[in-house]
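K.L.:
I am attaching a structure below and will ask some questions about it afterwards.
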Amino acid sequence: MAQETSLETYIVHVNFPENQVVTQTEDIKTWYHSFLPETKAMIHSYHNVVAGFAAKLLPAEVKEMQKKDGFVSARPEKRFALHTTHTPNFLGLYQNLGFWAGSNYGKGVIVGILDTGITPGHPSFDDQDMPPPPAKWKGKCELNGTACNNKLIGARNFVSDFPGPPIDEVGHGTHTASTAAGYFVKNANVFGNANGTAVGMAPLSHLAIYKVCSLEDCAESDILAAMDAAVADGVDVLSLSLGGGSADFFADGIAIGAFGAMQNGVIVSCSAGNSGPFNTTLSNEAPWILTVGASTIDRNIKATAVLGDKEEFDGESLFQPNDFPSIFLPLVYPGSNGNETLALCTPGSLSNTDVKGKVVVCEKGGGIPRIAKGQEVKDAGGFAMILINQEPDGYSTIADPHVLPATHVSYAAGEKIKAYINSTSTPSATIVFKGTIIGVKNVPTVTSFSSRGPSFSSPGILKPDIVGPGVSILAAWPVSVDNNTDEKSATFNVISGTSMSCPHLGGISALLKSAHPDWSPAAIKSAIMTSATQSSLAGGPILDERNLPADLFATGSGHVNPSKANDPGLIYDLQPDDYIPYLCGLGYTDNQILTIVQHPVKCSNISSIPEAQLNYPSFSIQLGANTQTYTRTVTNVAESNSTYNLDIEITPGVNVVVDPLKLSFTEVNQKMTYQISFSKSTTSVDASFVQGAVSWVSNKRVVRSPIAC
């Protein structure tokens, strides 16, 4: 019995012997089976992004398998977590105008979503004005009847532990799918707020759904199987709003699957993770992945806490009751005695605390969902909640569908509210609900939860790559979150996470693929990065949760600007094999690289390169005593005759030298190479790192690459 408890799902990587040619799917499966004991079955077999299979095995069975010719590696799978209306206009996408119209709204492009499934029949997935899927589409629909259509062209369930149709029981997958490529739905709102037309980034792109997550988590072997199928099905873009923290790329199923997808021309957008604001907390760090952080938009759903001394603190709440009394109510902070459990309003903690009829102050955090804190207040008889940030979250607030009247305010506001409570024997407060406010100027800001660099797996690659809208995003939801409505089909919710920013970039990638079908995944990624915005709508720098200028490990290249990405001027392109010298330079073994690139590699025969030599659109430099020199090659994708002049944003304490100072092109798709050197200057800087940028500037465009040293 003890032996059975060590039974685990293993992902097994194999390589066909040189003297063996196997091409038919059934023959490949037979060969895969030859590695297994006769009594064992495969859970998944992989054919497109990786060679191998997944099976439940004992350690002894894995040890026996290692003796067989063609075995490469085997490891227990990991379990990953999810990274959990108005944004098209905020991003400069307007119906019948500009880039949206110019890209045909993503027409002809297939976006694959790996998530919790889908809600068929939701109006966001209506196929009005949608052409049939492209001839290359080879996918399947596992939904009943006519649930699939010309918008929702495929839906499959890969959750091996929970077979059945790919119906979304969580909501997350429905939300991300509609964010990437949902169709226009008028009068979308939640509790009457954020009212408007809900639409995805690429409203005429097709959606292919791959359910890989259950209510609990997402199994690595299921994710890899879905990526494998998606490539065979013919998707152009993959969006994965999930991850499992940093890992070596050869031991990361998402990185391996994404490399195989990229080899097949598919761009992969992944969420950066929700472990910010702390450094080195990224997921999905591989340079062939578009790693997306989260930022705010210019819409607030405002709820203002007003104290008995008339001091006011603006916050946010999606639930905005119309009948909240305008009188002041007793205000209480259960954690005033230092009891952290009470301060966090953990489930069951307030049962012996007198909160009945009062406004209750609860601290965010402790691993307890924000809405669950409100539920505890409500269950204990509290009338309303003021949710206050702990210090790391600073000024980042979120509009949630709370179960009682509530507002979420900043750490600074929370400190003042607690000080007020301590200053009087009869503290009181009320909440004034002000509804949807559009036109907030100090946006975008990088939100506190957005994971930060530097990359742990590859510090010489600047990550995240980009930030996009990920805070209080309205999109499709399986059911109504408003108990006071009879609406059954056009149901929406507002949620936050890098899970939300990832499909924004997936949809924008679809627009770019539609406008530029010949661009490689690296070209699309480069266009997004080098055209990114560096400033807020107010004209100042992009700020972080502290209301301080956000650094490159928060923003990456900056905030996505879809229209400028459509016309980047120059691109930093990469082909799949260009990554091999980089992987050798990371010190990976030949077998480990084989696991990623799916063909034999001998690093001893390859000139390995340092990370910063990869032809990447940004720079992450670890300075030493000696000058470091690298090259970059740019490709002209604008008009044939164009000239770009060098502009260097000063990097304090670092000498940056570029040669040549001018790039003059005479042909479209012409390539030119420049050399860039970094060395310490005589100016001493008291900082753990410094940042700047190098840009190529024409009379029409700025092609910008950030530098972190």
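The values are calculated or read from the model by the stated rules, or taken from the named source; none is laboratory data. Predicted model, so just to flag it, every value in this text is computed and none were measured. Positions of Cβ are backbone-derived with ideal geometry, glycine not excepted, and every protein chain shown enters the neighbour counts. Calculation scope for accessible area: heavy atoms of the full protein, side chains included, ligands and nucleic acids excluded. Shrake-Rupley method; radii C 1.70, N 1.55, O 1.52, S 1.80 Å.
K.L.:
Scan ASP323, ASP314 and give me the residue that is more than 26 Å from PHE553 (Cβ to Cβ) and touching a Ser or Thr at 6+ places or on another chain (Cβ under 7 Å). Working first, answer last.
P.N.:
Details: ASP323 fails: touching a Ser or Thr at 6+ places or on another chain (Cβ under 7 Å).
Criteria check complete, one pass: ASP314.
K.L.:
What residue, among those in the stretch 322-341 that are among the hydrophobic types (A, V, I, L, M, F, W, C) and at pLDDT below 95, is nearest to ALA380 (Cα to Cα)? Walk me through how you get there before you give the answer.
P.N.:
Filtering the stretch 322-341 down to residues among the hydrophobic types (A, V, I, L, M, F, W, C) leaves 324, 327-329, 331-332.
Now drop any that are not at pLDDT below 95, which leaves 324, 327.
Numbers: PHE324: 19, ILE327: 21 Å.
Looking at the filtered set, the residue picked out is PHE324.
K.L.:
Just the residues that are open to solvent by 20 Å² or more (accessible area, probe 1.4 Å) and part of a helix (DSSP H, G or I), please, taken from the stretch 232-270.
P.N.:
If the condition is that a residue be open to solvent by 20 Å² or more (accessible area, probe 1.4 Å) and part of a helix (DSSP H, G or I), then ALA232, PHE250, ALA251, GLN263 are the ones that fit.
K.L.:
Can you find a residue in the stretch 119-126 that is of a type in the set (S, T, N, Q), in contact with a His (Cβ under 9 Å, 6 or more places away or on another chain) and modelled with pLDDT of 95 or more?
P.N.:
So in the stretch 119-126, the residues of a type in the set (S, T, N, Q) come out as 119, 124.
Filter once more, keeping what is in contact with a His (Cβ under 9 Å, 6 or more places away or on another chain): none.
No, every residue in the stretch 119-126 fails to be of a type in the set (S, T, N, Q), in contact with a His (Cβ under 9 Å, 6 or more places away or on another chain) and modelled with pLDDT of 95 or more.
K.L.:
Out of everything in the stretch 40-60 that is farther than 19 Å from ASP27 by Cα and open to solvent by 40 Å² or more (accessible area, probe 1.4 Å), what residue ends up being nearest to the chain's Cα centre (by Cα)?
P.N.:
Step one: of the stretch 40-60, the residues farther than 19 Å from ASP27 by Cα are 56-60.
Pick out the ones that are also open to solvent by 40 Å² or more (accessible area, probe 1.4 Å) and you get 56, 59-60.
On the way: LYS56: 30, PRO59: 35, ALA60: 38 Å.
Taking the candidates together, the pick is LYS56.
K.L.:
Sticking with this one: Have a look at GLY348, GLY335, GLY293 and point out the one that is in a loop (DSSP other than H, G, I, E, B) and not polar (S, T, N, Q).
P.N.:
The unique qualifying residue is GLY348.
K.L.:
Are any residues in the stretch 495-520 open to solvent by 10 Å² or more (accessible area, probe 1.4 Å), in a helix (DSSP H, G or I) and not hydroxyl-bearing (Ser, Thr, Tyr), and if so, which ones?
P.N.:
LYS513, ALA515, listed by residue number.
K.L.:
Here is a follow-up. Mind checking which strands (runs of 3 or more DSSP E) fall wholly inside the stretch 373-439 and carry at least 3 residues that are surrounded by 24 or more Cβ atoms within 10 Å (Cβ to Cβ)? Spell out how you get there, then give the answer.
P.N.:
On the way: elements: 384-388, 406-409, 428-438.
Ranges flagged: 384-388, 406-409.
K.L.:
Within the stretch 601-627, track down each residue that is of a type in the set (Ser, Thr, Tyr) and open to solvent by less than 50 Å² (accessible area, probe 1.4 Å).
P.N.:
Here is the first cut: in the stretch 601-627, the residues of a type in the set (Ser, Thr, Tyr) are 604, 607-608, 616, 618, 620, 627.
Those that are of a type in the set (Ser, Thr, Tyr) and open to solvent by less than 50 Å² (accessible area, probe 1.4 Å): TYR616, SER618, SER620.
K.L.:
Mind checking which residues of the stretch 143-166 are crowded, with 22+ Cβ neighbours inside 10 Å and in a strand (DSSP E or B)?
P.N.:
If the condition is that a residue be crowded, with 22+ Cβ neighbours inside 10 Å and in a strand (DSSP E or B), then LEU152, ILE153, GLY154, ALA155, ARG156 are the ones that fit.
K.L.:
State which residue is least open to solvent (accessible area, probe 1.4 Å) when the search covers only the stretch 61-78 and only residues that are closer than 12 Å to TYR10 by Cα and under 36 Å from the mean Cα position of the chain (by Cα).
P.N.:
Looking at residues that are closer than 12 Å to TYR10 by Cα and under 36 Å from the mean Cα position of the chain (by Cα), I get VAL62.
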